[in-house]
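Undergrad: Following this message is one structure expressed as structure tokens.
Coordinate-derived values only; no laboratory data. Quantities reported herein were computed from a predicted structural model and do not represent experimental measurements. Cβ placement follows ideal geometry from the backbone for every residue including glycine, while neighbour counts extend to all protein chains displayed.
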Amino acid sequence: MKGVIGSLWILEAVAQHQPVTAGELTNRSGLPKSTVQRTLVTLNEAGWPQANRKDTTRREIGAQVLAVRPPPRAPPGALPRPSSREGSARPSGEQW
């Protein structure tokens, strides 16, 4: 379980200090550099942090983070959206 907590800490640190290098994360965390690097590689394979476009030694948060974001909440009293199986046709002028 400590590995998961360390991985989440590294992911949060990337989000807060992006773009950031493994060395910078090592200095902030006190974790061994090899641990930080292995964690970054594993998280990168899952699409969480990604290499910065201008400097590939730096990491920043990837689009995968958006996948865990909850869907937007509808205002109270709003009708639910039809599922894709029900079709997307709706009366003209009606908005969601």
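Undergrad: Fewest to most neighbouring Cβ within 10 Å: what's the order for 41, 68, 14? Could you put the intermediate results ahead of the total?
TA: On the way: 41 11, 68 7, 14 24.
In order of increasing Cβ crowding within 10 Å: 68, 41, 14.
Undergrad: Given charges of +1 on the Cβ of Lys and Arg and -1 on the Cβ of Asp and Glu, with all other atoms neutral, how large is the dipole of the stretch 2-68 about its Cα centre, in debye to the nearest 20? Please list the in-between numbers first.
TA: Details: 8 positive and 5 negative charges, 27 e Å.
With only Lys, Arg, Asp and Glu charged at Cβ, the dipole is about 140 debye.
Undergrad: Summing +1 for each Lys or Arg and -1 for each Asp or Glu, what net charge is found among the other residues whose Cβ lies under 15 Å from the Cβ of residue 10? Show your work: numbers first, answer last.
TA: On the way: positive: 2, 28, 33, 38, 58, 59; negative: 12, 24, 45, 60.
It works out to a net charge of +2.
Undergrad: Just grab the label-to-label distance for residue 2 and residue 56, each label 7 Å out from Cα along the Cβ direction, in nm (one decimal).
TA: Between residue 2 and residue 56, the simple spin-label model gives 3.4 nm.
Undergrad: In what sequence do 2, 33 fall when counting other Cβ within 10 Å, fewest first?
TA: Values: 2 6, 33 13.
Taking fewest neighbouring Cβ atoms as first place, the list is 2, 33.
Undergrad: If you don't mind, another one. For residue 58, what residues show an amide H to amide H distance below 5 Å, using hydrogens built from the backbone and excluding near sequence neighbours?
TA: Distant-sequence amide H within range of residue 58: 52.
Undergrad: Kindly put 65, 4 in sequence by how many other C-beta atoms sit within 10 Å of each C-beta, fewest to most. Please report the intermediate quantities before stating the final value.
TA: Details: 65 14, 4 8.
Lowest to highest Cβ neighbour count: 4, 65.
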